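The next block holds one structure in the form of structure tokens; read it before the comments.
Just so you know, all these numbers are worked out from the coordinates, no wet-lab data involved. From a predicted model like this one, the values you see are computed outputs, not experimental measurements. Please note: Cβ atoms are built from the backbone with ideal geometry, for glycine as well, and neighbour counts cover all protein chains shown.
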Amino acid sequence: MMSRRAFLEAAAAAVPIVPAAAAAAAATAVAQPAPLFEISLAEWSLHRALNAGILENLDFPLVARRDYGIGAVEYVNSFFKEKATDQAYLRDLKGRADDHGVRSMLIMCDGEGAIGDPDAGARTQTVENHYRWITAAVALGCHSIRVNAQSRGTPEEQRALAADGLRRLTEFGAEHEINVIVENHGGLSSNGAWLASVIRAVDHPRCGTLPDFGNFQVAENEWYDRYQGVTELMPFAKAVSAKSHEFDSQGNERQTDYRRMLRIVLDAGYRGFLGIEYEGSTLSEPDGIRATHALLVRVRDELDADR
């Protein structure tokens, strides 16, 4: 039986030598345009498996690559909250991602307080609570942390308070070349116009948004128009969350017209990653992730054909 080394040597010997100019011309001839966007996987898509102990946070990059063919991940801090400053753990997680050719994109941060708390001391504490996640993002090779714009008071008061907390956190993030991005995540933050006004008030190139296709419930039985909201948030987007819940027999998401939504995203000039965030209960988590992935790829191909 031929050894692996002998096989590789024989394969290399069989490759014809091509002049440099001819090789360059051939490469140009077969070059394909870059995809309209790439796809990442948000860890929350597997929150039931993680909460049940079926999946460990350290294995998330492997699962993304092996089970779904996805090479970029978005972490959720609640699944390694006690490890934010554990450098050995973070090196292990990054090493596993690197071993599987998986890019770490961002950390979604919850449970660290209200960034726009009316109490100045509490607001400062919230800002400082996020510092560890910025340094963790650096260790993992992420570009951003995602935070929430929680506050209290009138919309105008909340805008000023949230902008103050975000500005201070963003200034710290900028020192580490990490973005601070805000998701429409319920309440006033799900009002696209209001959240956009907060980002304008912060007025820092490293403070942006993470538009989520589905999080537009501003109050009980009150929803903000998701297409309008994403349109308002896209000028500041540094990541996008492709939220999904249920699918029809043709594989379309029942609550969101993905073709319409992706046109909004692309028309804003966005060419980054779209993160799969499956939150449904009809399909299992693996099947929901695969259904969302298939839908994104199909619509991307359709839109690409229109170019």
So what are the ³J(HN,Hα) numbers for region 91-97, from phi and the Karplus equation (6.51, -1.76, 1.60; θ = phi - 60°), rounded to whole Hz, Gly and Pro as x?
-> 5, 4, 4, 5, x, 5, 4
In degrees between 0 and 90, to the nearest 10, how far off the longest principal axis of the chain does helix 155-175 point, with axes built from Cα atoms?
-> 40 degrees
Hey, what angle do you get for helix 131-140 against the long axis of the chain, alpha-carbon based, 0 to 90 degrees rounded to 10?
-> 10 degrees
Label-point separation (nm) for residue 167 and residue 223, each offset 7 Å from Cα along Cα-to-Cβ?
-> 3.6 nm
Any chance you could run the full-extension gain for residue 271 through residue 131? It's 0.36 nm times the residue separation minus the Cα-Cα distance, nm to one decimal.
-> 47.6 nm
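First measure r as the distance between the Cβ atoms of residue 174 and residue 250, then evaluate 1/(1 + (r/R0)^6) with R0 = 51 Å and state the FRET efficiency to the nearest 0.05. Numbers along the way, then the final one.
Details: r = 45 Å, r/R0 = 0.88.
Efficiency, from the Cβ-Cβ distance: 0.70.
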On a 0 to 90° scale, report how tilted helix 258-267 is relative to the longest principal axis of the chain, with both axes built from alpha carbons and the result rounded to the nearest 10.
-> 90 degrees
Given labels modelled 7 Å from the Cα in the Cβ direction, how far is it in nm from residue 58 to residue 304?
-> 3.6 nm
If one computes the Cα centroid of region 228-295 and of region 34-55, what distance in Å separates the two points?
-> 13 Å
Would you compute, from DSSP H runs of 4+ residues alone, the mean residue ellipticity of the chain at 222 nm, taking -39500 (n - 2.57) per run and dividing by the full residue count, rounded to the nearest 500?
-> -14000 deg cm²/dmol
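Give the Rg/Rh ratio for region 23-165, taking Rg as the radius of gyration of the Cα atoms and Rh as the Kirkwood radius, to two decimals.
Radius of gyration relative to Kirkwood radius: 1.10.
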Projected-area average for the chain over all orientations - Cα convex hull basis, square nanometres | 20.8 nm²
